[in-house]
Amino acid sequence: MNKPRKGAANVRVAPPAAGPVTFRAGCAREWSIPSQEPDLAYTEQAFPECPTCLHRVEPEGGPPFCTLRPVGTAHPFAALAGLDLPE
């Protein structure tokens, strides 16, 4: 491991710039923004159907939100759809 040189400044290397990613909400609305995140939380809830949307999450102690996922990615629980549980 290299030791810092005496008097050298601490330099932070910025992560590579994120390209635009198109995220989709449960209501099928889409936003294209630069991001490296696997999903985002939409907290504004500005659309009339937001209070009754099935994708709305209401955590205890926090604001309600909708999870925005990149277009073309599977739902995080999609793998469970094919799970065959013994009775």
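The values are calculated or read from the model by the stated rules, or taken from the named source; none is laboratory data. These numbers come from a predicted model, not from an experiment. Reconstructed Cβ throughout: ideal geometry from the backbone, glycine too, with neighbour counts over all protein chains shown.
Some values worked out for this structure:
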quantity	calculated
Qualifying position, being loosely packed, with under 10 Cβ neighbours inside 10 Å and at pLDDT 85 or above, among L54, L68, L83, L40	L54
Pairs where the first residue, in the stretch 57-75, is farther than 13 Å from G26 by Cα and the second is aliphatic (A, V, I, L, M), C-beta under 8 Å, 6+ apart	P64/V57
Some residue of the stretch 12-35 being farther than 18 Å from G72 by Cα, assigned to a loop (DSSP other than H, G, I, E, B) and modelled with pLDDT of 90 or more	no
Residue, nearest to the chain's Cα centre (by Cα), within the stretch 42-87, restricted to residues that are among the aromatic types (F, W, Y) and in a loop (DSSP other than H, G, I, E, B)	F77
